[in-house]
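Everything on this sheet refers to the single structure shown next.
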Amino acid sequence: MAANFKALDRYIARQIEAVAGYFGHVEWAAIDAIGRWQVERGIGGNLAEIGVHHGKLFFILALLRQAGERALAIDLFKDDGLNTGIHAGRDTAFFDNRARLGIALDEQEVWTVDSLTITPEALHARIGDVRLFSVDGSHAYRNVLHDMRLAEAVLADDGVMIVHDFFGIGWPDVSVAAIHLLTEMKDRLQPFLITQYKLFIARPAAAERYRAMLATNPRLRGAILSERTMFDRPITLLNLARRDLLQRRIKRKLGFYPKKL
Ligand SMILES: C[S@@+](CC[C@H](N)C(=O)[O-])C[C@H]1O[C@@H](n2cnc3c(N)ncnc32)[C@H](O)[C@@H]1O
């Protein structure tokens, strides 16, 4: 039976624009396509993010949950005063947005904690094996290394780890830490997809399957895919077609996307 993704469709089509966050259309199209494909292929597991901010990406993960699956939001949930304007209020915005979107989360699915204090064992006890794990917490070298190690420790055989700002020019230590970790774990992790800000990583045995899926996925029909190499292995580069980006911009101007949830 086909999974019911009505709430996810609504979130991606209209509501996501009203949640402050740090990634764009091409990324949410990729995460949406990968998460749904996992469900269609019977790839089970839980969903997790370190670094949730106002929940923009995490709500995709929560809405991808199937029966028996859980999501886990890990963050300090503390306003550091550095995020101003629409990005202010890390202590409350995630909880307000969750309530407005009507996304049910139980106590175990939200973890207010410094991720540096989490051990792989504690994480596994809390969430088990994970099929989609977004790493987007502190962008300091030590934290990225630690958070990617945590994500790897619970990543399911067919799971995907997503590292934010690998290509963000403001965050060189994210790239350095990720390269060190990926080099150390080259037998266990293989990047398979590049988007504007994010690097998508799978187990080496699954990487080609994900690349083949991206090339034929009807949800990415309008996208531009090309091949590059990374660590001497093939990797897919994903961009959205100009027309899609323009359409979105025009709709935004016309007020198609509500500014508030
Ligand atoms: C770039 S924002 C995340 C953006 C979010 N993924 C989105 O979809 O828009 C980084 C987040 O990491 C959190 N963070 C920073 N250091 C952390 C730590 N040591 N442990 C847990 N969370 C941390 C911050 O509170 C912040 O919410």
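What follows is calculated from the coordinates using simple rules that are stated; it is not laboratory data. Computed from a predicted model, the values in this text were never measured in an experiment. Glycine also receives a Cβ, built like all others from the backbone with ideal geometry; neighbour counts cover every protein chain displayed.
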Considering only DSSP states other than H, G, I, E and B, which trypsin sites (Lys or Arg not before Pro) in segment 1-99 qualify as loop sites with at most 10 other Cβ atoms within 10 Å? Lys78
The simple spin-label model distance between Glu40 and Ala88, using points 7 Å out along Cα→Cβ, in nm, is 4.4 nm
Kindly list the residues of segment 49-63 that lie in the label zone of Arg100, defined by a backbone N under 17 Å from the point 7 Å along the Cα-to-C-beta vector. 53-60
Here the longest stretch of the chain that holds no chymotrypsin sites (Phe, Trp or Tyr not before Pro) in a DSSP loop having at most 13 other beta carbon atoms within 10 Å is 1-230
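From the square roots a ≥ b ≥ c of the eigenvalues of the alpha-carbon gyration tensor of segment 167-237, which class results: rounded (a/c under 1.5), prolate (a/b over b/c), or oblate?
Here segment 167-237 falls in the oblate category.
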By the gyration tensor of its Cα atoms, with a ≥ b ≥ c the square roots of the eigenvalues, what is the shape of segment 60-150: rounded for a/c under 1.5, prolate for a/b over b/c, or oblate? oblate
Taking every DSSP beta bridge that has both residues in segment 72-215, what percent is antiparallel when rounded to the nearest 5? 55 percent
Could you work out how much longer the chain between Arg252 and Ala153 gets when fully extended? Use 0.36 nm per residue separation minus the Cα distance between them, nm to one decimal. 31.6 nm
Spacing of the two label points (7 Å from each Cα toward its C-beta) at Lys6 and Glu184, in nm: 4.7 nm
With label points set 7 Å from each Cα along the Cα-to-Cβ direction at Ala215 and Leu116, the distance between them in nm comes to 4.4 nm
Long-range amide H partners of Leu193, meaning residues 5 or more apart or on another chain whose placed amide H is closer than 5 Å, are Phe200, Thr236
Apply the a/c threshold of 1.5 to the C-alpha gyration tensor of the chain and tell me whether it is rounded, prolate or oblate. rounded
